[in-house]
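K.L.:
Got a structure for you, written out below as structure tokens; questions coming shortly.
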Amino acid sequence: MGSSISLNSFTRERGTTNETENRDHHDQNGPDPNEMIADGRLKDVEYTEYFNGDIYDEQPSQFEQEWEIVSFVFPEGHMSLKAWPHLRHLKQWMEVTTSPDKWQLLRLLPTGRRSDVRDERARRTKVAAFDFVPNDPAPAERRIETKDGLKHHLEKPIAKGTTRLYVVEDLSRDVIELLGTKLDIDPLFFREHINDYTWYNTRDPWVELPDLDIVSRSRPYFHLAYMQPRYFKNQESYKKAIRQAGLFNVLRRLDVDLEHTSRFDKEEATVALVRSKVSLWIREATDDQPAVGVLLIDPSITEGYPLWRGYRPFMNSPPPSDQKSYPAAPKTTLFEDLLFWIRHTSQEDINAIQKNPRAMAFRPLEIICAEWLTLSRYITARLGQIEWEIERPDFRIVKQDGNDTVNFNTSLQKLHTWRRRLPLYRDMVSETRKKLFPDEKPGPGAAPADCIGQLRKDFEIVAGHINDLLSRTERIAAVATAVTAIEESRRAIEQNKALGRLTYLAVIFAPLSFVSSFFSMSENVASLSQTIWIYFCVAVPISALAFLLVDKDWSDNMRGVYRRTAAAKEKVKHHEKKH
């Protein structure tokens, strides 16, 4: 399916309501709506999940007239939205210049600033172009940061035998328009990159339904979802990271790990998992045109730190005899890191691109695989802490009604978080492996694998880690359930002991009550003054006898004394018979 998406110059917004035009809904002292993420977890402003309607609405939302662009053009005919309704969300995204649901936040801004914000988002361009030439030691690089610069570079002819890769950070209306029209890219390639949803509600208009394999297998592109663990020293740092993510055009959210704290963690620190995605489109080389690739990556959150300072370099450390100087990856943003590693692509891998253009994704795939391994190590640490809490009762004893009691709720809550997330991660890794390695594992006599084929083992290791972690959570859940049952039994025994004490009280006072009732049958109360001593002489022995009869410990002791006495007598008799 070709593409000619066009949204011409962003001049002015279509006529909006007087309320939106003339009033500033945004509190200048409050949070900036432009920095907020359109998400139901927002607390600073009123937010409605289905502000723009749901998927079953027959008519467009009333707010579409507010964000529509006067010069908007979306191709009809073979690209009709009636034929491909799932592209409607992309159309709205390009008009708003970010997630359509964010319009209810952007409309809170003053009209002038709102136009400036949309204009900046629409024009945002950050692209790096690499030309890979066989037998050349390094790819040629060109930075592009304007719409006109990207247009000029796309129109520039590519030398024969050269493979070109465009690395794009974030997406914008202008970038989608230029790449889509100049390279004839399927709009669905961009549509499936702009969101980060892992599941959908029944009313969501942004749902991405799976296609039949017979339809999708021939598509020249794929999307790879993964998670980036990031460490924040305090909550203020975490909130800054959220505001950074709110400035992205694509929707990328952070799954905070607030529940998982241990005595070894800093009190204010937290770890968040950033939902991330990498997308690659490839046009195979023909006799008339060379191969071209478009690699879409996410903008980076620079607040905080990569967990454990990030992945290790993708090379072995040199021995002491090697005195050569090696450059270090900048570790500032994913964009700069990726460009660094692409510049250091080996000659062998550059030559492999000529035969297999998918090899252009080798460097980002290394980073994705490294992030998965870091995440699996992090989850392993958290599960180990949960097991420690179950094993060490002093780690989970809490005060309840003034008494020490064992509380499994916190540990189980931590565990259920991973039981819910790990199947999602397993599916992400499984989808990645299917898209990268659609063929069966090559046999012993097969030709040596290129750089992409060599990553098969690494992703197998990642998949094995995720499956092991998922099995481990189930085992921990079973152990926790068993330990919980034991603790409940222990509590029941304690409660039975308390009830036993009440039984003792009843045994003592029941005979007293009976005797007092018996003696009170006399009509002459004054005569009891002469016989009151009889009450105590009768009641006390009866109460003592009743108590001793129901006291299991005393009864057992008396039986033991009786048995020992009988045994001693028998022993004496046996001894007398001998002598």
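The values are calculated or read from the model by the stated rules, or taken from the named source; none is laboratory data. These numbers were taken from a predicted model, which means no experiment stands behind them. When we count neighbours, we look across all protein chains shown, and the Cβ atoms used for this are built from the backbone with ideal geometry, even at glycine. Just the protein is used for accessible areas: all its heavy atoms, side chains included, with ligands, DNA and RNA removed. Shrake-Rupley method; radii C 1.70, N 1.55, O 1.52, S 1.80 Å.
K.L.:
Do any residues in the stretch 420-449 that are assigned to a loop (DSSP other than H, G, I, E, B) have Cβ atoms under 9 Å from those of residues that are open to solvent by 90 Å² or more (accessible area, probe 1.4 Å) and at pLDDT below 95, where the two are at least six apart or on different chains, and which pairs are they?
P.N.:
Pro438/Arg217; Pro448/Gln454
K.L.:
Which ones in the stretch 104-131 are over 15 Å from Glu35 (Cβ atoms) and open to solvent by less than 10 Å² (accessible area, probe 1.4 Å)?
P.N.:
The answer is Ala122, Val127, Ala128, Ala129, Phe130.
K.L.:
Follow-up. Kindly establish whether Ala478 is of a type in the set (A, V, I, L, M, F, W, C), open to solvent by 40 Å² or more (accessible area, probe 1.4 Å) and modelled with pLDDT under 75.
P.N.:
No: the conditions fail for Ala478.
K.L.:
Let me ask you something else. Looking at the stretch 153-169, can you tell me whether even one residue there is surrounded by fewer than 18 Cβ atoms within 10 Å (Cβ to Cβ), modelled with pLDDT of 95 or more, closer than 25 Å to Ile194 by Cα and more than 30 Å from the chain's Cα centre (by Cα)?
P.N.:
Yes: one or more hits.
K.L.:
To continue, here is another question. When Ala138 is evaluated against the numbered criteria (1) open to solvent by 60 Å² or more (accessible area, probe 1.4 Å); (2) out of contact with any Phe, Trp or Tyr (no Cβ under 7 Å at 6 or more places or on another chain); (3) not hydroxyl-bearing (Ser, Thr, Tyr), which criterion, by number, is the only one it fails?
P.N.:
For Ala138, the failing item is (1).
K.L.:
Does any residue in the stretch 184-200 that is over 10 Å from Leu90 (Cβ atoms) come within less than 7 Å, Cβ to Cβ, of a residue that is open to solvent by 10 Å² or more (accessible area, probe 1.4 Å) and part of a helix (DSSP H, G or I) six or more places away or on a different chain, and which pairs are these?
P.N.:
Cβ pairs passing all conditions: Thr198/Leu424.
K.L.:
Let me ask something else about it. Evaluate the stretch 266-279: report whether one residue or more is in contact with a Leu (Cβ under 8 Å, 6 or more places away or on another chain), farther than 30 Å from Arg358 by Cβ and in a loop (DSSP other than H, G, I, E, B).
P.N.:
The answer is no, given that none of the residues of the stretch 266-279 is in contact with a Leu (Cβ under 8 Å, 6 or more places away or on another chain), farther than 30 Å from Arg358 by Cβ and in a loop (DSSP other than H, G, I, E, B).
K.L.:
Continuing with this model, one more query. When you go through (1) open to solvent by 20 Å² or more (accessible area, probe 1.4 Å); (2) in a helix (DSSP H, G or I); (3) over 30 Å from Thr286 (Cβ atoms) one by one for Pro318, which number turns out not to apply?
P.N.:
Here Pro318 clears every test but (2).
K.L.:
Can you tell me which residues in the stretch 326-367 are open to solvent by 30 Å² or more (accessible area, probe 1.4 Å), part of a loop (DSSP other than H, G, I, E, B) and more than 28 Å from Phe248 (Cα to Cα)?
P.N.:
Selection gives Tyr326, Pro327, His344, Ser346, Asn356.
K.L.:
Now a separate question. Being open to solvent by less than 20 Å² (accessible area, probe 1.4 Å) and at pLDDT below 95 is the requirement here; does Leu383 meet it?
P.N.:
Spelling it out, Leu383 is indeed open to solvent by less than 20 Å² (accessible area, probe 1.4 Å) and at pLDDT below 95.
K.L.:
May I pose another question? So, of the residues in the stretch 282-306 that are open to solvent by less than 10 Å² (accessible area, probe 1.4 Å) and not acidic (Asp, Glu), which turns out to be farthest from the chain's Cα centre (by Cα)?
P.N.:
The extreme case among them is Ala291.
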